[in-house]
Amino acid sequence: MIPATEALERLRAGNRRFVADVPGHCTLTGQARRDELMAGQEPFAIILGCSDSRVPAELVFDQGLGDLFVIRVAGNIVAPSQVGSVEFAAERYGTRLVVVLGHSRCGAVQATVEELERPSPHRVSNLRSIVDRIRPSVEAFLEPGVPYDHDTLIRRAIRANIRAAADHLRHGSQILEQLIQQNGLLVVGAEYSLETGVVTFFDGMPEDDR
């Protein structure tokens, strides 16, 4: 079992390689690695990320087959199925790091802002369920009658949405709460920059990494 702090450093190192465009030798995807994984998997990190096609976690962190347990959903929201998936990986595989990975220019957050600006009665219910989970992170920065800058609102809401998802995982599951308190599970929030490729870890970080 890899401790959370070591797993975090692996992700940081992998992202540095990704940004520098120098993939590491540890990124294994060949037949030998596939054969090795037939017996089982031991992912060292759980990534709850956005479904955006521009943010594949394995590439962003320069990792190979079997390294990451990845859950992707538009807006990196947390619903029961996402919580259950994190619980499953943390319990079954002993993975001790969970990263909620959002990203700049998130379309789901933009859609939520647009819904608040121009409510649509015709929005399909399944999409509305995503918007409704992001809505509190946007509304926190809106005051009635007070003008706001659209781009600034989206940037702030993206980070707020990441924090909300990470907090939900920390406090919305008895299983995860117990693993945090007794088994060293760490849940952190991070944002990927589409502009630079850099992942910034900013929420729930250990004291020594702040």
| helices (runs of 4 or more DSSP H) within the range 85-187 that include 3 or more residues at pLDDT 95 or above, surrounded by fewer than 17 Cβ atoms within 10 Å (Cβ to Cβ) and on the phi > 0 side of the Ramachandran plot | none
| query | Across the range 188-210, which residue is nearest to L59 (Cα to Cα) among those that are touching a Phe, Trp or Tyr at 6+ places or on another chain (Cβ under 9 Å) and modelled with pLDDT of 95 or more? | reply | G197
| task | Tell me which residues, restricted to the range 40-59, are hydrophobic (A, V, I, L, M, F, W, C) and either under 13 Å from E191 (Cα atoms) or assigned to a loop (DSSP other than H, G, I, E, B) (or both). | result | F44, I47, L48, C50, V55, A57
| Checklist (1) touching a Ser or Thr at 6+ places or on another chain (Cβ under 6 Å); (2) touching a residue at least 40 places away in the same chain (Cβ under 8 Å) applied to V138, failing item | (2)
| Enumeration of residues in the range 21-41 that are at pLDDT 85 or above, closer than 22 Å to G197 by Cβ and hydrophobic (A, V, I, L, M, F, W, C) | V22
| When residues of the range 35-69 are filtered for being of a type outside the set (G, A, S), under 18 Å from C106 (Cβ atoms) and crowded, with 19+ Cβ neighbours inside 10 Å, how many remain? | 6
| request: Identify, from the list F18, F44, F69, the residue that is of a type outside the set (A, V, I, L, M), in contact with a helix residue (DSSP H, G or I) (Cβ under 8 Å, 6 or more places away or on another chain) and touching a residue at least 60 places away in the same chain (Cβ under 8 Å). | output: F18
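The values are calculated or read from the model by the stated rules, or taken from the named source; none is laboratory data. Remember, it's a predicted structure, so these values are computed and weren't measured experimentally. In this analysis, Cβ positions are derived from the backbone assuming ideal geometry, glycine residues included, and neighbour counts consider all displayed protein chains.
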